[in-house]
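Chemist: Sharing a structure below in structure tokens format, with a few things to ask.
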Amino acid sequence: MLRDDGPLTPLAGCTDVYVTLNFGTLKARRFLNLWPLDALRGVRLRGKALSIGALTTYTELQRSPLVRRRLPMLAAAAREVGGVQIQNRGTIGGNVVNASPAGDTLPVLAAAEATLVLGSAAGKRRVPFDSFYAGYRTTVMRKDELLLSIEIPPVEGLQRFRKVGTRAAQAISKVVMAAVFGPSVRIAVGSVAPTVIRARKTERLLASGGSIGEARRVLMEEIAPIDDLRSTAAYRRRVTANVLERLWRRKG
Ligand SMILES: Cc1cc2nc3c(=O)[nH]c(=O)nc-3n(C[C@H](O)[C@H](O)[C@H](O)COP(=O)(O)OP(=O)(O)OC[C@H]3O[C@@H](n4cnc5c(N)ncnc54)[C@H](O)[C@@H]3O)c2cc1C
């Protein structure tokens, strides 16, 4: 249908689409409802990788023993998305394709070095998560493609997640960070640049024995936050450094 009857806007949980319709910013009026496609739902192991169907909801992520055991930072992120209603309806695939820099699962997928499996009538292709976003709210996905699943290789080390919003629930992130402290150090941050970013310089510094004080300074330079209605750039810079320090000190 995407190939022959397009353009069509795919609908998953509709929690983002509904907002854009309401605000009048979505011009599209022809939709493709994905919700009945059970093949795109659920969490399973594929070889050593964790495979998460694009239609898996936040509630399912929180309840999944595989996610809780292998990717606890994703279960933590899912617990902090919206409120219960959004968690029951919103999907991880919608979060990824919606491409908001404040999407709460995106730093987790960046830190986990996920691969996105895209499908179209022409076949499947696999895109590393860090090549998926082409810029602010744009992705490399074509109009005739769907996100089918997200594959996550085993993650070694401690996983940490922290979201800073105005309040505990129903808050859009001012800063959101996922980190892995293990054989490698991985730090991914959302809401502080046009897309989610990996803080590679900060990672290298901490991995080579640099101090957390130095890491704070490098991280504040590495991010590119803006002033907007939710926060100021200066606040985001400071809080990003504070969050890193807190996660780093709690890693032991
Ligand atoms: C009250 C409220 C609170 C919220 N709180 C948070 C929050 O705390 N954190 C957060 O990150 N987000 C939050 N959101 C945003 C939203 O709920 C999430 O981004 C959610 O994951 C979107 O998933 P969905 O299935 O509803 O996507 P949809 O709205 O159905 O789709 C979003 C976009 O992705 C496309 N799409 C969806 N699935 C696919 C697919 N498989 N293949 C191709 N394209 C696809 C759609 O065409 C659309 O462009 C909130 C939204 C609301 C209304």
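What follows is calculated from the coordinates using simple rules that are stated; it is not laboratory data. The model shown is predicted, which means the values in this text are computed figures rather than measured ones. Here the Cβ is made from the backbone with ideal geometry for all residues, glycine too, and neighbour counts use every protein chain on show.
Chemist: Specify the inter-centroid distance of segment 50-71 and segment 190-252, based on alpha-carbon positions, in whole Å.
Modeler: 27 Å
Chemist: Follow-up question, since we're still on this one. Shape call for segment 122-170 from the C-alpha gyration tensor, a ≥ b ≥ c root eigenvalues: rounded (a/c under 1.5), prolate (a/b greater than b/c) or oblate?
Modeler: oblate
Chemist: Between the alpha-carbon centers of segment 1-30 and segment 92-123, tell me the distance in whole angstrom.
Modeler: 18 Å
Chemist: Can you give the Kirkwood hydrodynamic radius for segment 108-252, in Å, rounded to one decimal and based on Cα pairs?
Modeler: Computed over Cα pairs of segment 108-252, the Kirkwood hydrodynamic radius comes out at 16.2 Å.
Chemist: For segment 184-243, what percent of Cα pairs sit more than 20 Å apart?
Modeler: 21 percent
Chemist: Any chance you could list P(r) for the chain, counting all Cα-Cα pairs in 5 angstrom bins from zero, rounded to whole %?
Modeler: All Cα pairs considered, the percentages come to 1, 6, 13, 19, 19, 17, 12, 7, 3, 1, 0, 0.
Chemist: Filter the trypsin sites (Lys or Arg not before Pro) in segment 58-154 to those in DSSP coil with at most 16 other Cβ atoms within 10 Å of their Cβ, and list the result.
Modeler: Arg137, Arg142, Lys143
Chemist: How large is ³J(HN,Hα), in whole Hz, for each residue of segment 8-20 in order, when computed from phi with the Karplus curve 6.51 cos²θ - 1.76 cosθ + 1.60 and θ = phi - 60°, using x for Gly and Pro?
Modeler: 10, 9, x, 10, 9, x, 6, 6, 8, 4, 4, 5, 5
Chemist: Which whole-number percent is the relative contact order of segment 120-252 (Cα, under 8 Å, 6+ apart)? Don't skip to the answer; put the middle values down first.
Modeler: On the way: 176 pairs, mean separation 22.9, N = 133.
About 17 percent, as a whole number.
Chemist: Now a separate question. Dipole size in debye (nearest 20) for the chain around its Cα centre, Lys and Arg Cβ +1, Asp and Glu Cβ -1?
Modeler: Dipole magnitude for the chain comes out near 560 debye.
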